[in-house]
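Okay, so here's the structure we're looking at.
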Ligand SMILES: [Ca+2]
Ligand SMILES: [Ca+2]
Ligand SMILES: [Ca+2]
């Protein structure tokens, strides 16, 4: 199925003049590679000299350095590898000069003594907004572009019926966080203009390239089909450069019967097909989520502190399901044959401002239902536009299970005419509306764009105003990115729960006089109407309430471990560990996990305890054991506690002296006797 890009049509209705602004610069690559390596328990380098938890610091450092050195020699890296902190007796930091961390991780992952390797990323605190945030030119007022309301949709909502009630309350979210750079948001779209000055610093860099990190999924191979390459419009099939080359349709293409782009463009008032300009749709979406924010220019994004991952799946006249699904999998870090896996920057949330008519049919590989399930299982949330079918039913993939589907609101909180509706909708957010049929457009959505009608204008500091559920979706996505910035462990279902539990209720007054309540979709157009929870989702998106609810849930949980016997355990004795969790109000434990951080030579694992609050250990020797209990609550939030258990050698009872049989027997002695008899019986005949 080809999804004609019906959601792109409402961008760039207005073409405000450019505002020139200073360009921003980006920092260069880190000077030293840094990864976390866990060696296999049976690795030669681990067995050669064992580390113990109670060793002197210098001894620990020496062992870690020896292991890093041996690893470097095995991998042909010579003496370039250094060592850092040890996390347990076989897990440590490994560093290398003159290469990047991802390259080092790939090199070391091939080593047969290495069990696990991960880039040791630098994390930043999810900082709250400073005073005066955001200082972007068009945030409060964009009258220079013809719209005095500026970025009204981000601002604090009015509670007055008929006022601007659908704004998402972003300032209240920003008082908690403006976004963490470790949260990655995938823009599954037409690609982006990496050189937009108000997107500077929002992408991951690629060494030696002018474009940022991402992928262009359009067309499997360069020679696969002329139609694929024509759709891609960049001269080839899939490639690592997700730059948007433009998706314009010429009048000739629009009218060529049997051609690839027949009737893909716009119609004039007489119904004649006249072609269409480039949409720059992915650049719009990218800026709404995470334009460079508080940089004194252009616009603010919902989550200016997060990173963008552009995945290009739509070209001229939209894109194919296969390219879109491959892009979704790749974005979430799931392997796709024939493409390098995105292990470097897997996304936590996918923006899908795209869709087409039809049902979410089928299960199994190659369907949206399966693709979404895989992405959810990888821990990423999928947010999809409901569609712009003017009140008709939600299309695919917005009608698939496992997604958050977004309908669009007018500024007064009623469903805006163009938005699709129905029971599949999860939540509603502003989508832009002019109010006036002539004169100034009062409440459109401001987004980063490009002034090129066909090919892009380089480094164009240009902003478009537009409308559509395509523009409501990134407001939800930006909010989700802020929620992940506070708590990266949230499951996709927990994200949806927090979003839906914190909405503001739909309004029933303040709309245009005479409008009715929204009803279940039919094939009849349903313009502005009063939303219900059965037609527009749970309510109006409130970014502030959602992020604050996540923050309130974080840190309220804790785990305690009771050990029996409380002290004086000896080898051969069963030790029982009982964990208990204190959780946030209304939360319950969904699962328990026990981790043996260090067996201390006394145990190699738990005797019991899989997904149970109670676990047992049966030490066979003396040693210091370290365990960790982790409770995961029903929202996917995890809390852990560690405990150290010292096990003494089995009690030895002095042999009774002077006759008197029947004294206590010595278990070690008995064991020795049993072993001896067993050995005897194994003597060769
Ligand atoms: Ca290409
Ligand atoms: Ca490309
Ligand atoms: Ca800005």
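Derivation of every value follows stated rules applied to the coordinates shown; laboratory data play no part. For clarity, every value in this text was computed on a predicted model and none was experimentally measured. Because the Cβ atoms are built from the backbone with ideal geometry, glycine has one as well, and the counts that use them run over all protein chains shown.
Worth pointing out:
- Sorted peptide list for 157-168, 288-299, criterion being average Cβ within 10 angstrom, highest first: 288-299, 157-168
- DSSP bridge analysis restricted to the chain gives an antiparallel fraction near 70%, rounded to the nearest 5.
- Global form of the chain, assessed from the alpha-carbon gyration tensor, a/c cut-off 1.5: prolate
- Calculated on alpha-carbon atoms, Rg and Dmax of segment 97-163 in Å: 23.7, 67
- Helix 492-501 vs. the chain, principal-axis angle (Cα, 0 to 90°, nearest 10): 60 degrees
- Contact order normalised by residue count of segment 441-549, Cα under 8 Å, 6+ apart, percent: 24 percent
- One Cα centroid belongs to segment 594-632, the other to segment 377-410; the line between them spans 45 Å.
- Length added when fully stretched, residue 204-residue 390, from 0.36 nm per residue minus Cα-Cα: 63.2 nm
- Spin-label proximity, residue 520 to segment 379-403 - amide N less than 14 Å from point 7 Å beyond Cα toward beta carbon: 393-394
- Cα gyration tensor shape for segment 378-430, rounded if a/c is under 1.5, else prolate or oblate: oblate
- Spatial separation of Cα centroids for segment 256-281 and segment 49-118, in angstrom: 59 Å
- Paramagnetic reach from residue 256 in segment 266-303 [backbone N under 18 Å; point 7 Å along Cα→Cβ]: 266, 273-278
- Residue 458 paired with residue 640, simple spin-label distance in nm, labels 7 Å along Cα-to-beta-carbon: 5.0 nm
- For the chain, the mean residue ellipticity at 222 nm estimated from helices alone is -5500 deg cm²/dmol, where every DSSP H run of n ≥ 4 contributes -39500 (n - 2.57) and the total is divided by all residues, rounded to the nearest 500.
- Acute angle (nearest 10 degrees) that the helix 321-331 long axis makes with the longest principal axis of the chain, alpha-carbon atoms: 50 degrees
- With contacts taken as Cα pairs under 8 Å and at least 6 residues apart, segment 379-456 reaches a relative contact order of 25 percent.
- Distance between segment 318-343 and segment 348-369 - C-alpha centres, whole angstrom: 13 Å
- Cα shape, segment 554-629, gyration tensor, a/c 1.5 rule: prolate
- Compared with the dominant Cα axis of the chain, that is its longest principal axis, helix 667-681 is turned about 90°.
- For the pair residue 112 and residue 591 in one chain, pulling the backbone fully straight at 0.36 nm per residue adds 169.2 nm over the alpha carbon distance.
- Were the residues from residue 574 through residue 322 laid out at 0.36 nm apart, the gain over their Cα-Cα distance would be 85.2 nm.
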